[in-house]
Amino acid sequence: MKFAKMLDSVKGVMTVEMNALLTRLKQEGREVINLGVGDPDFSPPESLRRVLRDGVNRPDSHHYPSFYPLQPLKEAIADWYQRRFRVGLDSRGEVLPLLGSTDGLFNIHLCLLDPGDIALVPDPCYPSYESAARLAGGVVERFPLLRENDFLPALEEIPSETAKKAKMIWMNYPNNPTGATAPPEFHQKLIAWAKAYDVAVVSDAAYSEVYFDNQPPVSFLEFPGARGVGVELHSLSKSFNCCGWRIGMMVGNRDLIDALSRVKAHSDRGIFYPLQQAAIEALKSPPDFMKTRNRIFQERRDLVVRGLEEIGLEVYRPKATFYVWAKVPPGYTSRDFCFKALEEANVWMLPGANYGKCGEGYLRIAVTRSAEVLSEAMQRLKKLST
Ligand SMILES: Cc1ncc(COP(=O)(O)O)c(C=O)c1O
C-alpha cells in the first residue's frame, strides 16, 4: 500500500520502547505503579451519571444526533462561561460543543492551515498539537517554555519573519506537562502580539477547573480583543472526571467556530444525545464536588513535591493540573531515568523528552492515584540508587 508521507512525521503519544517495557513487566507479573496517565481516578458526579443513564434508557436516544448540537447545551456552555469567567458568549455563534477537546484540537488545523503553512507550537507541549498540525500539511515551528520564564513563552523572541508567516499559535494554560498557569498580563501581551502578526490563537484550557490554593485560572477570552484573534478549548474530561465520555467545547471567534462546524459536519455525526444532556447537567451543577476533588489533588501534589524534594530532585510546584514536573537527577536523560525507575522500582513516569526538546531533563508525574499509592511510589523512588 502507498501510505501518505505525512504519516511518517507522526509519533505515538507514548514511545514504542516504553510500551514494550510496560508489556514485558506486566507479563512478569510486576506491580507497576502507573503515574503516567492523566485521567482522574474519581467518578463523574452522581447527577451526571443519572442523566446519562436515563438518556440511555430512552428508546429515541439512539438515532443519529442532529448535525447541530442541542441549543440548550450551547446555552449551558455560555451560562457557565458567564458564571466562571464573567465572559458573555453568543450561544448561537460563539459556542461549539465537541467530541472531547481533541476533536477541536485536531480539526482546527484543517480550518487554518494550507500545506506548508506555519503553526507555532510550544516546547514542551501536549504531543497532539504537533501531530495534528503536520497531518494537516502544516510546518511546525516550536518555541521554548523555560523554567526561568515560569514556562511562559517569550513572544518577542519568536523571529518576526516566522511570526509574520505563521497562521496559528498554540497556547495551553494551565499547562500540560509543566502545571504552569498564565497571569492576566501574559494574555494581554499575547493578544497584542497575535493582532500585530495576524496569527490565530488557539488556547487549550482543558485543565481550567483543576487548580490549587483557591486560585482559579483565568480564561484567555476574559481580555479585550481576545475573540477577535482566537478561540479557547475546554473539556469536560478533566473538569468533571469523565475522560471516556468524549465531550468538550470550543468558544470564541465566530469565524473560526463556523469554520470548525463546517469541517465537523463531515468528520463526525454529532454527539450522542444522552451525553449532551449529561453535559448540560454538568455545566449547571454547583461546583462543590470540584472543590473537594481539587483539595485531594492538592494534598497529593504536596505529597509528591515533598517526596521528590526529599530524594533531591528539583521540582516545579504546579499551580494547576494534576501533573508534577520535576528535573531528573544529574547525569541522566529523561528517558534513561524514567526507564530505570520503571525497570528497577516499578514506577511508571513519563520522560519530559516525550513533550519536546525543551522537556529533556524533566519527568512528569500524574497525581491521579491515591495518597497511599503515591506514598508507596515515593518510597520506591527513594530506594532507587542514582
Ligand atoms: C493539554 C490537553 N489538551 C487536550 C487534551 C484532550 O482532552 P479531551 O479528553 O477533552 O479530548 C488533553 C488530554 O490529556 C490534554 O492534556
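The residues listed here are R86, R92, R49; of these, the one that is touching a residue at least 40 places away in the same chain (Cβ under 8 Å), basic (K, R), over 24 Å from P124 (Cα atoms) and loosely packed, with under 14 Cβ neighbours inside 10 Å is R86.
One line per residue, one yes/no per condition, for (1) within 16 Å of the ligand (Cβ to nearest atom); (2) closer than 24 Å to G116 by Cβ; (3) surrounded by 15 or more Cβ atoms within 10 Å (Cβ to Cβ); (4) of a type in the set (A, V, I, L, M, F, W, C):
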residue: R134; (1), (2), (3), (4): no, yes, yes, no
residue: R142; (1), (2), (3), (4): yes, yes, yes, no
residue: E148; (1), (2), (3), (4): no, no, no, no
residue: E156; (1), (2), (3), (4): no, no, no, no
residue: S160; (1), (2), (3), (4): no, yes, no, no
residue: W170; (1), (2), (3), (4): yes, yes, yes, yes
residue: P174; (1), (2), (3), (4): yes, no, yes, no
residue: P177; (1), (2), (3), (4): yes, no, yes, no
residue: F186; (1), (2), (3), (4): no, no, yes, yes
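Of G29, G36, all but one fail to be at pLDDT 90 or above, in a loop (DSSP other than H, G, I, E, B), farther than 24 Å from E232 by Cα and within 16 Å of the ligand (Cβ to nearest atom); the exception is G36. Scanning segment 96-119 for residues that are within 16 Å of the ligand (Cβ to nearest atom), out of contact with any His (no Cβ under 8 Å at 6 or more places or on another chain) and not polar (S, T, N, Q) gives L96, P97, L98, L99, G100, D103, G104, L105, F106, I108, H109. Condition check for L105 on (1) assigned to a loop (DSSP other than H, G, I, E, B); (2) within 24 Å of T321 (Cα to Cα); (3) touching a helix residue (DSSP H, G or I) at 6+ places or on another chain (Cβ under 7 Å): one failure, at (1). When P330, P318 are screened for being closer than 21 Å to P127 by Cβ, in a loop (DSSP other than H, G, I, E, B) and either at pLDDT below 95 or not charged (D, E, K, R) (or both), only P318 passes.
When S43, S61 are screened for being of a type in the set (S, T, N, Q) and within 30 Å of M378 (Cβ to Cβ), only S43 passes.
Let me confirm something: among I77, I108, I169, I158, which residue is within 17 Å of A265 (Cα to Cα), among the β-branched types (V, I, T), touching a residue at least 12 places away in the same chain (Cβ under 8 Å) and in contact with a Leu (Cβ under 9 Å, 6 or more places away or on another chain)?
Just a single option satisfies the conditions, and that option is I108.
Pairs linking a residue in segment 125-150 that is closer than 25 Å to L363 by Cβ to a residue that is of a type in the set (G, A, S) and at pLDDT 95 or above, with Cβ atoms under 7 Å and 6 or more positions apart or on different chains, are C125/G356; V140/A119; V140/A133; R142/G356; D150/A180. If only residues of segment 213-265 that are within 11 Å of the ligand (Cβ to nearest atom) and assigned to a helix (DSSP H, G or I) are counted, the one that is farthest from F322 (Cα to Cα) is W245.
Among the conditions (1) assigned to a helix (DSSP H, G or I); (2) touching a Phe, Trp or Tyr at 6+ places or on another chain (Cβ under 7 Å), the only one that A133 does not satisfy is (2).
Pairs meeting the criteria (first residue in segment 244-266 and touching a residue at least 24 places away in the same chain (Cβ under 8 Å) and on the phi > 0 side of the Ramachandran plot, second residue β-branched (V, I, T) and within 16 Å of the ligand (Cβ to nearest atom), beta carbons under 6 Å, at least 6 apart or on different chains) are G252/V231.
Given the residues G36, G55, G29, G12, which is the only one that is crowded, with 17+ Cβ neighbours inside 10 Å and over 22 Å from D268 (Cβ atoms)?
After ruling out the rest, the residue left standing is G36.
Of everything in segment 266-294 that is within 16 Å of the ligand (Cβ to nearest atom) and outside any helix (DSSP H, G or I), the residue that is surrounded by the most Cβ atoms within 10 Å (Cβ to Cβ) is I271.
The values are calculated or read from the model by the stated rules, or taken from the named source; none is laboratory data. Quick caveat: nothing in here was measured; it's all calculated off a predicted structure. Note: ideal-geometry Cβ built from the backbone for every residue, glycine included; neighbour counts use all protein chains shown.
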